[in-house]
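Colleague: Dropping the structure in here first, questions after.
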Amino acid sequence: MTRKQNAAWKWSLSILSILLLSACSTDASSDEVVEVNDTPVAVAHVSYGTLAHETRMTGRTQAANDLHIIPKMAGELEEVYVSEGDSVSEGDLLARVDDYDASLNVRQEEAQVRMAQQALERAEIGRQQAEQNVRQSESSLEQAERAVEQAEAGFEDQKEAAEWNLDNAEMNWEEAKDNLERTKELYEQGFVYEQQSESAELSESQARMAFEEAEQMIDQADRDVMVDDAKTSLEQAESSLEQAEISVEEAASGVEDARIGVEQAEMALEMARKQLEDTEIRAPADGEITNIMMNAGEMVSNQEPLVQLISANQMEVELHVSAQQATLLDNSDEVDVRFQGLEETVTGTVSYTSSTIDDTGMFPAKITLDEQPEDVRSGVVATVSVDENLTEESLLIPSDALVEAGNETFVYLVEDDSAVRTNIDVERVDTVFSAVSGDVSEGDAVIVTGQTLVEDGGPVDIVREEDFSETD
């Protein structure tokens with residue numbers, strides 16, 4: 001019984017006592033006029049709001065994480081550094097597996113990385129040399145192109161000179177032939193000496209030979225070897241440039257292959273180092289060691305747990321609730337949690353509600369605590385409180401004000417110091433308040449104590465106004 005309900009009960013007894021005393025003090029003579037006294041009552045005011053109900057469920061705390069730590073590397077257990085009951089922090093070294101093979105593998109992979117890096121350096125040098133060859137071939141090509149231009153320009157000059165020499169030689173030969181014919185005629189006629197005739201023949205012969213030499217020079221100019229050589233050199237330079245460019249592409253491909261080789265070697269080294277690191281068995285979270293399954297010198301595998309650890313990072317409350325209570329626990333909802341023997345209240349979050357019953361016929365549920373109280377350990381009794389809105393935005397009156405007669409439910413309002421019976425419809429009943437509808441309004445004074453002692457229209461005296469804005 002709440003403090004306000006207790007007070008209402010005391011007021012009912014007081015009012016009943018006043019009425020009995022008034023009856024006893026009345027004279028037995030029927031001739032005297034009986035004075036009707038006002039009935040003392042207590043009232044409260046009709047309010048408007050949400051009718052809420054608090055549901056409480058009981059459970060026990062437990063570690064949210066019961067960890068079974070399994071070695072990542074199989075091998076001989078070299079050493080165990082903790083004992084059962086020890087408190088450890090995240091990252092603490094718990095045990096170590098023999099690391100000889102893992103350490104050797106790391107050294108081998110480090111050597112592979114160095115070799116791959118050297119191969120990359122050589123490939124880079126090869127690419128640089130190939131690029132230098134391209135630049136040299138481009139320079140040679142430019143020189144060959146200029147040589148062709150120069151040879152072709154020289155060929156034109158030489159050809160022009162040869163043609164001029166040929167014209168002069170031909171003209172001289174024609175003159176020599178004409179002179180020879182005239183000299184012969186004069187010799188036959190006896191006008192010149194034999195020596196002069198022979199001289200004319202010699203001059204003609206020399207002119208003819210000069211003409212033939214000029215013709216040969218023309219032929220040589222048409223088949224100029226210098227131009228052909230220059231063009232051959234140009235073709236060679238072009239071919240050399242193409243080969244140099246192909247070499248650059250091959251060298252670039254070699255550099256990329258070498259870089260991939262370095263990356264693969266580094267990845268293998270990283271994996272080897274991770275395997276070496278995995279020979280150390282460390283605590284994944286803060287907590288307490290509850291069980292060590294093996295001893296130093298025994299063989300461990302990566303399939304079976306070595307250490308059991310109860311995590312201290314987070315606690316949860318395990319509940320077994322009824323079907324009705326389970327409907328109030330929606331995942332991610334926040335609830336209030338209190339602990340036996342402690343005044344502290346913490347906030348928890350619904351993390352799990354089973355959709356099926358367990359062997360006890362109840363629904364398992366879990367509440368994860370948002371913070372870890374210092375004095376709370378596993379196994380402590382906890383009470384989870386969930387507020388349920390029974391109605392939204394309704395007229396609310398104290399449940400003590402309800403009066404039932406037959407099939408009717410009504411209340412007494414106080415209007416002009418008189419009790420006014422008012423029929424209502426009860427939407428929802430709770431321990432302290434009820435949600436109603438009918439001919440009542442927010443702020444109306446409703447009788448909560450003495451309502452069974454009044455009648456419709458009877459005078460009343462308000463001796464107390466109850467404040468139900470807060471409940472204990």
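The values are calculated or read from the model by the stated rules, or taken from the named source; none is laboratory data. Here the structure is a predicted model, which is why all the values come from computation and not from measurement. Please note: Cβ atoms are built from the backbone with ideal geometry, for glycine as well, and neighbour counts cover all protein chains shown.
Colleague: Which of the following residues is among the β-branched types (Val, Ile, Thr) and in contact with a Gly (Cβ under 8 Å, 6 or more places away or on another chain): 424, 462, 447, 397?
Modeller: None of the others qualify; the one that does is 424.
Colleague: Filter region 391-424 for residues that are in a strand (DSSP E or B) and of a type in the set (Asp, Glu); which is nearest to residue 56 (Cα to Cα)?
Modeller: 392
Colleague: Going residue by residue through region 343-352, is there one that turns out to be assigned to a loop (DSSP other than H, G, I, E, B), within 30 Å of residue 87 (Cα to Cα) and over 31 Å from the mean Cα position of the chain (by Cα)?
Modeller: yes
Colleague: Can you tell me how many residues within region 278-327 are more than 22 Å from residue 77 (Cα to Cα), charged (D, E, K, R) and at pLDDT below 90?
Modeller: Final tally of qualifying residues: 2.
Colleague: Of 250, 304, which residue is more than 31 Å from the chain's Cα centre (by Cα), among the acidic types (Asp, Glu) and not assigned by TED's automatic domain parsing to the domain that holds residue 81?
Modeller: Going through 250, 304 in turn, just one is more than 31 Å from the chain's Cα centre (by Cα), among the acidic types (Asp, Glu) and not assigned by TED's automatic domain parsing to the domain that holds residue 81: 250.
Colleague: Of everything in region 253-279 that's under 28 Å from the mean Cα position of the chain (by Cα), touching a residue at least 40 places away in the same chain (Cβ under 8 Å) and closer than 19 Å to residue 121 by Cα, which residue is surrounded by the most Cβ atoms within 10 Å (Cβ to Cβ)?
Modeller: Within region 253-279, the match that is surrounded by the most Cβ atoms within 10 Å (Cβ to Cβ) is 266.
Colleague: With the requirement that a residue be free of Cβ contacts under 8 Å to residues at least 60 places away in the same chain, closer than 17 Å to residue 452 by Cα and of a type in the set (Asp, Glu), what does region 416-432 give you?
Modeller: Those that are free of Cβ contacts under 8 Å to residues at least 60 places away in the same chain, closer than 17 Å to residue 452 by Cα and of a type in the set (Asp, Glu): none in region 416-432.
Colleague: Consider residue 388 carefully, then state whether it is in a strand (DSSP E or B) and within 19 Å of residue 42 (Cα to Cα).
Modeller: Answer is no for this residue.
Colleague: Which one of 413, 390, 395 is buried (at least 16 other Cβ atoms within 10 Å of the Cβ) and farther than 30 Å from residue 334 by Cβ?
Modeller: Unique residue meeting the criteria: 413.
Colleague: Oh, and also: Here is a list: 233, 203, 239, 197. Which entry is among the hydroxyl-bearing types (Ser, Thr, Tyr) and modelled with pLDDT under 75?
Modeller: Being among the hydroxyl-bearing types (Ser, Thr, Tyr) and modelled with pLDDT under 75 holds for just one of 233, 203, 239, 197, which is 197.
Colleague: Condition check: loosely packed, with under 12 Cβ neighbours inside 10 Å and either in contact (Cβ under 8 Å) with a residue 40 or more places away in the chain or of a type in the set (Gly, Ala, Ser) (or both). Does residue 362 satisfy that?
Modeller: For residue 362, the condition - loosely packed, with under 12 Cβ neighbours inside 10 Å and either in contact (Cβ under 8 Å) with a residue 40 or more places away in the chain or of a type in the set (Gly, Ala, Ser) (or both) - is not met.
Colleague: Inside region 400-415, can you point out the residues that are free of Cβ contacts under 8 Å to residues at least 40 places away in the same chain and either aliphatic (A, V, I, L, M) or closer than 16 Å to residue 443 by Cα (or both)?
Modeller: 402, 405, 413, 415
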